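Okay, structure first, notes after.
Please treat every number below as a calculation from the coordinates, not as lab data. Model, not experiment: these values are computed from the prediction. Don't worry about glycine lacking a Cβ; one is built from the backbone with ideal geometry, like all the others, and counts go over all protein chains shown.
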Ligand SMILES: [Zn+2]
């Protein structure tokens, strides 16, 4: 069998005899990555699969009341990590919405990514999540409110976004 390059670890491997189309080596981390990617892809493309997954999680939560409350109480570091990741996702979504609404213009192609934002940009700047980006804030623009953060919980001391 000819050797092939794994699309995740970039190492050479021999495809399995019964799977000549194999593009990922059989190392556990690469296989996990392949499964995760495939699942994400299916969730995006298949509404029925999405509904089944959602219902399954719903049923599980109904059969295990209080599990996530206890989990969060036992693992505050996990809660903090989840919140930070959610803030990043929210920020990414809001920036995409700003770009789609033509409120933000990519002024100049650079590694830093320079954005011109309206008044709502103040919230983004306060979050300090996009450290690699440079924001130029302009207060004179009128703008529609941004969508609320998807996370219902807000850590104490951090105000929720304006509706
Ligand atoms: Zn690999």
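Once both labels are modelled 7 Å past Cα along the beta-carbon direction, what's the residue 51-residue 100 spacing in nm?
It works out to 2.3 nm between the two label points.
Taking 7 Å along the Cα-to-C-beta vector as the label spot, tell me the residue 80-residue 3 distance in nanometres, rounded to one decimal.
Spacing of the two 7 Å Cα→Cβ label points: 4.5 nm.
Give the residues of segment 1-36 whose amide nitrogen is closer than 15 Å to a point set 7 Å from the Cα of residue 44 in the direction of its Cβ.
Backbone N within reach: 34-36.
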